[in-house]
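Working notes, structure below.
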């Protein structure tokens, strides 16, 4: 196992106070013991929040949290025995209190686990379907958040009391603290009981499924948006919510992971989460649907594909020149929807088994709100939107590792009247630690630039009165398309971001991470045809940035207009095209059969 220096340092900080605790208890030295107690609690709290691998590392060497707390409690018992004597009744009361406290904590934790298990095993969860299943209001997290082990920290009362009592020369403070901790622990047990009783009806899986199915059946869904994936991939399904809210057909969102229900974007559509494949395939309320849309290729798609009577459509989560946009698995669907002619050509060139007659050009309805004009501010804004490192090195298109920090530094150095928006892919650093380090370096660079500008005055002659604020967008807000509208220029990698930005008609740069010859690069990645290329040395950047200050059209403006039609299609607006495509697929499913 590769050693993590930060985790090792965290372990040393956590374990360091415990050996001296025993020494100062046996000596006895009450004042140093009390100071070490405070230090041990503080390091447990501080380091535990910051070192992700700390718990795993300590558990491997059998020095888990419960054992460490018990060790500190043993030390305080030794201290009281040395200062008050072993025949002290308050020592006996302290020992009994600490023992009972662990029993109460175990009971409260067991009840909390039982409560969360009921909710964690619900066969179906919903949004916007009249609260089915009806889940009672949850208790405070401190009562059921057993994984945080907060109840263990109640021993600060008897431990701290006994240590302070040894300093002050009184024996009873430890026992008093134990009594108070027992009272609080018992209150926690009593607080969980009514909530556990309220969720008892939810243990009946069949009744819960039947109730949810009955409510959804009244809605009679016609179109399904189906998705499975980790929470970080919620953007892939969320981008389709708004378009589906505006189609003629009744749509429903079907999810497979419980956590996704919380991270899914806001929507007025009914949402149902069914984790079990067997429950999904027997959920009759979906039987009225005739079209199922798939935003990503994942293994659990097979569960929905096995349901008879529906036309399966792969819509993806953005057209790009990446290999994922012509995955051979895509041939399992009845239809493949792409934005424009470029998507069709991509599949035909790849020869992955998708037939031309199964490909439909439907536009990109998500881009309706992308403006073609710049933000109109007295300074220029550059959006840096790198992709992530991909699942394997064969899919490696990100610039963030080799070029990212240098790009941001170069932008900041170009002019004080230039704003930087950094919008990384949500999965950045998911697989490659180097990508995560580069991401954090960029955040530090932008934070340092903001600090410098808050201290220094703006140079004389700048046109703006307000300070320029750089922005790192690491969450879902503001959305990517809002960042498009704030930018005069975008720097991005080969990804769907490039194709989407084409809708704005504004200039963009594409990073040539592999250092390919320009002609080869543009032939391999058609979305870069109307963009300025950026190599690792960044030698092309100054000229492009200087061009932003000129009012006349840049050299690639006409090429971008042509490429926009090729990538995103033409004709009626994209929302109308998408709505027509849904209706067409529905008609084909009804009249021609939906089996793939």
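The values are calculated or read from the model by the stated rules, or taken from the named source; none is laboratory data. As the structure is a computational prediction, the values presented were derived from the model and not from experiment. Because the Cβ atoms are built from the backbone with ideal geometry, glycine has one as well, and the counts that use them run over all protein chains shown.
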* **Residue, surrounded by the fewest Cβ atoms within 10 Å (Cβ to Cβ), within segment 349-372, restricted to residues that are within 31 Å of the chain's Cα centre (by Cα) and at pLDDT below 90** => 372
* Structure fact -> residue 438 vs (1) at pLDDT 95 or above; (2) surrounded by fewer than 17 Cβ atoms within 10 Å (Cβ to Cβ); (3) farther than 20 Å from residue 545 by Cβ: all pass except (2)
* Structure fact -> When restricted to 354, 382, the only residue in contact with a strand residue (DSSP E or B) (Cβ under 6 Å, 6 or more places away or on another chain) and in a loop (DSSP other than H, G, I, E, B) is 354
* Residue count, segment 488-505 (criterion: within 20 Å of residue 542 (Cβ to Cβ) and touching a helix residue (DSSP H, G or I) at 6+ places or on another chain (Cβ under 8 Å)) -> 4
* Structure fact -> Of 348, 383, the only residue that is in contact with a helix residue (DSSP H, G or I) (Cβ under 9 Å, 6 or more places away or on another chain) and within 26 Å of residue 482 (Cα to Cα) is 383
* **Residue, modelled with the lowest pLDDT, within segment 561-595, restricted to residues that are surrounded by fewer than 16 Cβ atoms within 10 Å (Cβ to Cβ) and assigned to a loop (DSSP other than H, G, I, E, B)** => 595
* Residue that is surrounded by the most Cβ atoms within 10 Å (Cβ to Cβ) [pool: residues in segment 475-525 that are over 30 Å from the mean Cα position of the chain (by Cα) and more than 17 Å from residue 544 (Cβ to Cβ)] -> 516
* Structure fact -> Among the residues of segment 325-348, the number that are surrounded by fewer than 18 Cβ atoms within 10 Å (Cβ to Cβ) and either at pLDDT below 90 or not in a helix (DSSP H, G or I) (or both) is 3
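Criterion first (farther than 14 Å from residue 500 by Cα and surrounded by 12 or more Cβ atoms within 10 Å (Cβ to Cβ)) does residue 555 satisfy it?
no
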* Structure fact -> Over segment 139-149, the set of residues more than 14 Å from residue 111 (Cβ to Cβ) and modelled with pLDDT of 75 or more is 141
* **Selection within segment 191-210 - surrounded by fewer than 18 Cβ atoms within 10 Å (Cβ to Cβ) and in contact (Cβ under 8 Å) with a residue 60 or more places away in the chain** => 193, 196, 198, 200, 203, 205
